[in-house]
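The values are calculated or read from the model by the stated rules, or taken from the named source; none is laboratory data. Being a predicted model, the structure only gives us computed values, none of them experimental. Heads up, the Cβs are rebuilt from the backbone with ideal geometry, glycines too, and the neighbour counts pull from every protein chain shown. When the accessible area is computed, the model is the full protein with side chains, heavy atoms only, and any ligands, DNA or RNA have been set aside. Shrake-Rupley method; radii C 1.70, N 1.55, O 1.52, S 1.80 Å.
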Amino acid sequence: MRLRRGRFQHTERARPVEGPALPDDSTVHLVLDLALRVGEAQMAGGAGAADVTATVLAVTDAYGLPHTEVDVIYTSITASCHRGTDAAPVTLMRVVRGRGVDYTRLTAVEGLVRRITAEGLAADDASAEIDRITRADHPYPRWVATLAWAAMAASVAFLVGGGVLLAVTAAVVTALVDRVGRLLNRRALPFFFQQVVGGALATSVAVALYGLDLLPGAPPSMLIATGIVVLLSGLSLVGTVQDAITGYNVTAAGRLVEVALLTAGLIAGIALTLRAGVQLGVRTTIAGPLPPLISDVPLQFAAGAATSAFFALASYAPPRALPVAAAAGAVGTTSYGLLALTGTNTIACAAAAATVVGFGGKVVSRRLRTPPMLVAVAGMVPLLPGLTTYRGLYQLTAEGDAAGLSTLVLAAGTALALASGVVLGEHLGRPVRTGLGRLAARTRR
């Protein structure tokens, strides 16, 4: 290097950065687009940002793009492939628009990722496969999902201590709410207002039946509680807590706003209807004493299993996953019931039961070819605080009692304990699953 006229000049050309040779531009674009579409399918299905990031990196690494950075937020995924100092990086972004739970699609996406990382599936074939997966129709007709939601509500009715009449009524009301929601969704009504309509419809039917004395021996609180559990089951509580705990704060904030808004819509629909009933002279009864689940453990076992299995069916889970979901529900509700019998408080019971479900789901999911999220969410659904939420709303609207705020805080704490317990269980189960996988590999040798 020598000085001339106040400027430095290099006598030799700078050496290129050494490292593995990257594919050509067209291949880089193909691989990044494939990885982003896989991540989009997972994100739309409710997967956490950490899982989506790991999947995108696994796909890019499998096709020879080791220097890739991934940024996941609630509405988009960005991936950038660094190609050294001599070539510009390639950056692609994909917006996550449609959201909907379809566990068959999520299972197919995870199967595709396994084929890419373990079997060396060609990028062109993988791109065609993800295109087929994302464009495929739901595996069941819509009426099957409606019947599954209805059967889930009937199972929840038994779970909260109702009889056959309450179960049948809950099934009919839930089917009506689902069909009305489907109609409103076709009209592109925002989900917030769909939650308002769903909560108001379920509550108005319960209040009307109570006013006409058509549900003898069954308080309307139980019927409303089943509707609350069904309407809350579709919210991404687990994904929200998982993103917050794993450090994806922007995504967690986006999910939290959505969950809070949809829950507020449900609460608004119920509260307005209860208040209208009081003004019309129909004063319902408050829910029974907490905790919200009954203490009959054998009945909890059966009702929890049925609730989770029907939830999985309504969420378009593959048939082989239904027994796994049922087992998760049975384990979760039984764990909760046994702890409740010892006098443990509601939040601790919920957290411990959810931890057991999350741990078991993480350990057995790979072996059973079932997404861990399906096991976790299905096992958590029967424990959602439906009666606690109704109790707090009734205290505030019908009785004007400020104690309803503390009851609603208890309901929120229970929901948070469920979601965080699932995440903790999955974290504890990760090294166990890795160890079992290594043991199985050694055995095959």
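Within the stretch 110-148, the set of residues being within 30 Å of THR307 (Cβ to Cβ), open to solvent by 40 Å² or more (accessible area, probe 1.4 Å), of a type outside the set (D, E, K, R) and part of a helix (DSSP H, G or I) comprises THR134, TRP143, LEU147.
In this structure, does PHE191 turn out to be surrounded by 15 or more Cβ atoms within 10 Å (Cβ to Cβ), under 21 Å from ALA268 (Cβ atoms) and among the aromatic types (Phe, Trp, Tyr)? When the stated conditions are applied, PHE191 passes them.
Could you go through the stretch 266-275 and let me know if any residue there is charged (D, E, K, R), open to solvent by less than 20 Å² (accessible area, probe 1.4 Å), part of a helix (DSSP H, G or I) and in contact with a helix residue (DSSP H, G or I) (Cβ under 7 Å, 6 or more places away or on another chain). Outline the logic, then answer.
Of all residues in the stretch 266-275, those charged (D, E, K, R) come to 275.
The next check asks that each one be open to solvent by less than 20 Å² (accessible area, probe 1.4 Å); those that pass are none.
The answer is no; no qualifying residue exists.
Of everything in the stretch 62-72 that is of a type outside the set (Ser, Thr, Tyr) and in contact (Cβ under 8 Å) with a residue 12 or more places away in the chain, the residue that is most open to solvent (accessible area, probe 1.4 Å) is GLU69.
Taking the criterion of being more than 13 Å from LEU418 (Cβ to Cβ), in contact with a helix residue (DSSP H, G or I) (Cβ under 8 Å, 6 or more places away or on another chain) and surrounded by 17 or more Cβ atoms within 10 Å (Cβ to Cβ), the residues of the stretch 240-255 that qualify are ASP243, ALA244, THR246, TYR248, THR251, ALA252, ARG255.
Here is a check on your reading of the model: is ALA225 open to solvent by less than 30 Å² (accessible area, probe 1.4 Å), modelled with pLDDT of 85 or more and closer than 30 Å to THR342 by Cβ? Reasoning before the result, please.
Numbers: open to solvent by less than 30 Å² (accessible area, probe 1.4 Å): yes; modelled with pLDDT of 85 or more: no; closer than 30 Å to THR342 by Cβ: yes.
Criteria not met by ALA225.
Residues of the stretch 276-291 that are in a loop (DSSP other than H, G, I, E, B) and either modelled with pLDDT of 85 or more or open to solvent by 20 Å² or more (accessible area, probe 1.4 Å) (or both): LEU280, GLY281, VAL282, ARG283, THR285, ILE286, GLY288, PRO289, LEU290, PRO291. Among the residues of the stretch 201-208, not a single one is open to solvent by 40 Å² or more (accessible area, probe 1.4 Å), touching a residue at least 40 places away in the same chain (Cβ under 8 Å) and outside any helix (DSSP H, G or I).
For (1) open to solvent by less than 40 Å² (accessible area, probe 1.4 Å); (2) touching a residue at least 60 places away in the same chain (Cβ under 8 Å), each residue gets a yes or a no:
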| site | (1), (2) |
| --- | --- |
| THR342 | no, no |
| VAL356 | no, yes |
| PRO372 | yes, no |
| VAL375 | yes, no |
| PRO385 | yes, yes |
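In the stretch 309-340, which residues are in contact (Cβ under 8 Å) with a residue 60 or more places away in the chain and either not aromatic (Phe, Trp, Tyr) or not in a helix (DSSP H, G or I) (or both)? Break it down into steps so the answer makes sense when it comes.
Of all residues in the stretch 309-340, those in contact (Cβ under 8 Å) with a residue 60 or more places away in the chain come to 309-318, 321, 333.
Answer for the stretch 309-340, where residues must be in contact (Cβ under 8 Å) with a residue 60 or more places away in the chain and either not aromatic (Phe, Trp, Tyr) or not in a helix (DSSP H, G or I) (or both): ALA309, ALA312, LEU313, ALA314, SER315, TYR316, ALA317, PRO318, ALA321, THR333.
Inside the stretch 175-184, residues that are open to solvent by 70 Å² or more (accessible area, probe 1.4 Å) and either touching a residue at least 12 places away in the same chain (Cβ under 8 Å) or within 22 Å of the chain's Cα centre (by Cα) (or both) make up a count of 3.
Only a single criterion out of (1) farther than 30 Å from VAL278 by Cα; (2) modelled with pLDDT of 85 or more is not satisfied by SER406, namely (1). Of the strands (runs of 3 or more DSSP E) that lie entirely inside the stretch 1-92, not one contains 3 or more residues that are touching a strand residue (DSSP E or B) at 6+ places or on another chain (Cβ under 9 Å), over 23 Å from VAL113 (Cα atoms) and modelled with pLDDT under 80.
Inside the stretch 146-172, residues that are in contact (Cβ under 8 Å) with a residue 40 or more places away in the chain and touching a Phe, Trp or Tyr at 6+ places or on another chain (Cβ under 7 Å) make up a count of 4.
Would you confirm, using the coordinates I've provided, whether GLY234 is part of a loop (DSSP other than H, G, I, E, B), at pLDDT 75 or above and surrounded by fewer than 24 Cβ atoms within 10 Å (Cβ to Cβ)? So GLY234 does not fit the description; no.
Tell me yes or no: at least one residue of the stretch 102-109 is surrounded by fewer than 16 Cβ atoms within 10 Å (Cβ to Cβ) and touching a residue at least 24 places away in the same chain (Cβ under 8 Å).
Here is the first cut: in the stretch 102-109, the residues surrounded by fewer than 16 Cβ atoms within 10 Å (Cβ to Cβ) are none.
No, that holds for no residue.
Criterion first (part of a helix (DSSP H, G or I) and in contact with a Leu (Cβ under 6 Å, 6 or more places away or on another chain)) does ILE224 satisfy it? So ILE224 fails the test.
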